[in-house]
1. With every protein chain left in place, what is the accessible area of residue 90 in Å² (1.4 Å probe, nearest 10)?
2. Probe of 1.4 angstrom, ligands and nucleic acids ignored: what's the accessible area per residue over region 222-336, in square angstrom?
3. Sorted by mean Cβ packing within 10 Å, highest first, what order do the peptides 127-137, 222-232 take?
4. I need the peptides 160-167, 307-314, 395-402, 253-260 ranked by packing, meaning the mean over residues of other C-beta atoms within 10 angstrom, with the highest value on top.
5. Which three extents, in whole angstrom, do the alpha-carbon atoms of region 331-425 cover along their principal axes, largest first?
6. Considering only 351, 407, 387, whose Cα is most displaced toward the positive end of the charge dipole of region 320-420, charges sitting on Cβ of Lys, Arg (+1) and Asp, Glu (-1)?
7. Using modelled amide H (1.01 Å from N, peptide plane; none on Pro or chain starts), what sits under 5 Å from the amide H of residue 249, excluding residues fewer than 5 places away?
8. Extension gain residue 140-residue 178, at 0.36 nm per residue separation less the Cα-Cα distance, in nm?
Amino acid sequence: MSSEEELKEFSLSKDQKLEEPVPKLESKSSESESESRGGGGVVIEDDDRPLLKSSDNSSSEKTLVTTNLSPIPPTHPSITAENIRELEKKFAAYVRKDVYGTMGRGELPLIEKFLLGIACVTIVPIRVIVGLVLLLFYYLICRLLTLRIIPNQEEDGQEDYAHMIGWRRIVIVQCGRFLSRAMLFNFGFYWINETNRSNSTGLEKLQTETEDKQQSQESERPGAIISNHVSYLDILYHMSSSFPSFVAKRSVAKLPLVGLISKCLGCVYVQRESKSSESKGVSGVVTERVLEAHQDNLAPMMMLFPEGTTTNGDYLLPFKTGAFLSKAPVLPVILRYPYQRFSPAWDTISGVRHVILLLCQFVNHIEVVRLPVYYPSEQEKEDPKLYASNVRKLMACEGNLVLSDIGLAEKRVYHAALNGFLGES
């Protein structure tokens with residue numbers, strides 16, 4: 001069966017059902033295509049239609065965790081719990097496991113509905129107002145401090161205020177870190193459990209040949225922070241921690257309030273529609289910025305999500321190599337969001353529904369594990385795929401994450417299937 005036929009089979013209309021188990025999917029899209037579309041961590045999910053392949057080697061399939069299923073809407077009598085289970089086995093990295101169920105539409109107990117109702121008329125309005133005040137306040141700070149300042153501009157139209165020096169830059173960074181932490185506090189993240197691991201067993205196993213070199217390179221600054229991607233909340237945490245630069249859509253630069261803030265962060269903007277041969281491409285810009293951060297202590301650090309999309313927080317997807325092309329050392333950071341009722345992971349749920357349910361939780365939790373700076377060996381410098389793979393294995397080992405072979409293409413298939421099954425309730 002061709003890949004297009006498989007994709008059509010999964011993207012079922014609301015009145016169809018699955019009669020056969022979902023075949024295992026492997027993410028085998030071209031590496032060069034993924035690099036040219038975002039390099040080391042573009043979180044914008046608008047790539048071209050993917051090519052999917054089925055696998056006949058069932059013995060190599062990993063055991064994946066299934067979850068409690070949300071009730072199937074009565075408007076779809078042909079959809080069975082077994083259909084959903086098959087999807088959850090194949091796309092386990094994207095399955096929500098909280099009490100709100102798949103797509104946040106699970107049947108809730110009466111007490112849960114009562115608590116949500118109370119929160120919606122009390123804590124939610126307060127948090128929305130405080131959040132808007134914090135955002136507006138920081139925008140005014142950025143606007144005031146960038147008056148009569150010419151932004152740093154590059155050939156491909158990139159511009160930012162992150163290369164300012166002096167007291168203006170210090171105020172922007174320190175205020176940004178403080179207000180980002182205040183925003184997390186407003187969202188219920190009152191405490192952040194941070195762990196710094198200076199002596200890592202996994203790191204020693206993966207870098208035995210560079211042990212001596214590390215001792216002489218301890219003072220070197222990493223070129224980028226590498227993190228797993230679970231939610232949009234990841235950005236707020238990293239802003240509060242190190243105030244790095246991110247990769248974002250070019251349209252973000254034109255958004256009210258957020259646009260100026262993104263320029264002060266020094267974001268690398270993606271122009272996916274541009275096919276100009278003169279453009280460096282996202283990977284080229286990211287590589288230059290990573291090298292700059294590595295060599296210049298005053299340059300903004302790059303923050304990259306090499307998975308390219310979010311997961312439910314229990315898995316680690318394959319890494320794109322764009323973050324590792326510069327051959328500079330990186331700082332791996334692992335984020336986890338422990339929960340009892342609502343998972344802050346942004347998967348299989350609309351943005352509005354996710355924000356409302358998040359604001360309804362009185363307390364939310366985040367755990368952070370900072371690993372030692374990873375210095376690539378000579379072999380890893382010559383092979384970005386090996387470099388990316390070794391960093392990924394290290395993060396999975398230290399963060400107790402499950403390695404998954406699926407990617408953004410399979411995520412789209414899963415979401416399309418869920419929308420077909422549960423689009424109407």
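The values are calculated or read from the model by the stated rules, or taken from the named source; none is laboratory data. Bear in mind that the values here come from a model prediction, so they are computed numbers and not experimental data. Here Cβ is always computed from backbone atoms with ideal geometry, including for glycine, and neighbour counts include all displayed protein chains. In case anyone asks, the SASA skips ligands and DNA or RNA and just uses the protein heavy atoms, side chains included. Shrake-Rupley method; radii C 1.70, N 1.55, O 1.52, S 1.80 Å.
1. 40 Å²
2. Value for region 222-336: 31 Å² per residue.
3. 222-232, 127-137
4. Averaged packing, sorted descending, gives the order 307-314, 395-402, 160-167, 253-260.
5. 55, 33, 19
6. Looking along the dipole axis, the top candidate is 351.
7. Long-range HN contacts for residue 249: 270.
8. Full extension of this stretch gives 12.2 nm more.
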